[in-house]
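Notes follow once the structure below has been shown.
The values are calculated or read from the model by the stated rules, or taken from the named source; none is laboratory data. As the structure is a prediction and not an experimental result, all values here were calculated from the model. Glycine gets a Cβ as well: all are built from the backbone with ideal geometry, and neighbour counts include every protein chain shown. Surface areas here come from the heavy atoms of the whole protein model, side chains and all, with no ligands, DNA or RNA. Shrake-Rupley method; radii C 1.70, N 1.55, O 1.52, S 1.80 Å.
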Amino acid sequence: MPESLAFNLNFLHPLAMWALLALSGYAMFLGIKAKKTRTADAETRKTLIKGQFAKRHYLYGSAVLAVMVLGTFGGMAVTYLNNGKLFVGPHLLVGIAMTTGLALAAALSPLMQQGNLIARKIHVGLNMGVFTLFLWQAVTGMQIVTKIWENRPA
């Protein structure tokens, strides 16, 4: 693989993850609106239901999960291709934990569609935990990007 391609691949994961962070925030916004629709009085619900927030939350949430899985394994693959090893540390381990958390939260969807309140609360808790970790990952990820940039080939 050409050296310039190998170097530039290092930035694909961070760019995808920043886009995913924004997408995750939007999916969270839709989830909040879906809850407001579900719990609103009849008159307010008539207005909110037109936004199809639950359907959009489900679709965007599915996209978040797909991009998270691809981004996690893509980042690991690029690291391995460029270095011949993975750097096992907090950024990698937290990223794997986040992907696992999102998969578990998504797996609760059938129960939530049946009206299971406990599944809904666990879903929200997992996703809020993942989102909080995501903010931390953004900081540690930028530290890694800075190191890569400082050690770029001449």
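Would you mind pulling out the separation of the Cα centroids of region 49-99 and region 100-128, in Å?
Cα centres, region 49-99 to region 100-128: 17 Å.
Give the accessible surface of region 65-154 per residue, rounded to a whole number of Å², with probe radius 1.4 Å and ligands, DNA and RNA excluded.
Each residue of region 65-154 exposes 63 Å² on average to a 1.4 Å probe.
So what's the angle, to the nearest 10 degrees on a 0 to 90 scale, between helix 12-39 and the longest Cα principal axis of the chain?
Here the helix axis deviates by roughly 10 degrees.
Can you list, largest first and rounded to whole Å, the semi-axes you get for region 5-63 by taking the square root of 5 times each eigenvalue of its Cα gyration tensor?
Each semi-axis is √(5λ); the values are 36, 8, 6 Å.
Treating cross-link reach as a plain straight distance, find the lysines whose alpha-carbon is under 21 Å from the alpha-carbon of Lys50, omitting any fewer than eight places away in the same chain.
Those lysines meeting the cut-off are Lys33, Lys35, Lys36.
Give me the angle, in degrees from 0 to 90, between the Cα long axis of helix 53-83 and the longest principal axis of the Cα atoms of the chain, rounded to the nearest 10.
On a 0 to 90 degree scale, this one is about 10.
Against the longest principal axis of the chain, how steep is helix 90-107, in degrees 0 to 90 to the nearest 10, with axes from Cα atoms?
That works out to roughly 30 degrees.
What's the extension gain from Leu23 to Ala107 if we count 0.36 nm per residue and subtract their Cα-Cα distance?
Value of the extension gain: 28.3 nm.
Based on the alpha-carbon gyration tensor of the chain and its eigenvalue square roots a ≥ b ≥ c, which shape applies: rounded if a/c is under 1.5, prolate if not and a/b is larger than b/c, or oblate?
In terms of gyration-tensor shape, prolate.
Note down the nm distance, to one decimal, between modelled labels 7 Å out along Cα→Cβ at Leu86 and at Val145.
Here the answer is 2.2 nm between the modelled labels.
What nm value, rounded to one decimal, do you get for the distance between Leu93 and Phe11 when each label is placed 7 Å out toward the C-beta?
Inter-label distance under the simple model: 3.1 nm.
Rounded to the nearest 0.05, what FRET efficiency do Gln114 and Trp136 give with R0 = 30 Å and r taken as the Cβ-Cβ distance? Could you check?
About 0.35, to the nearest 0.05.
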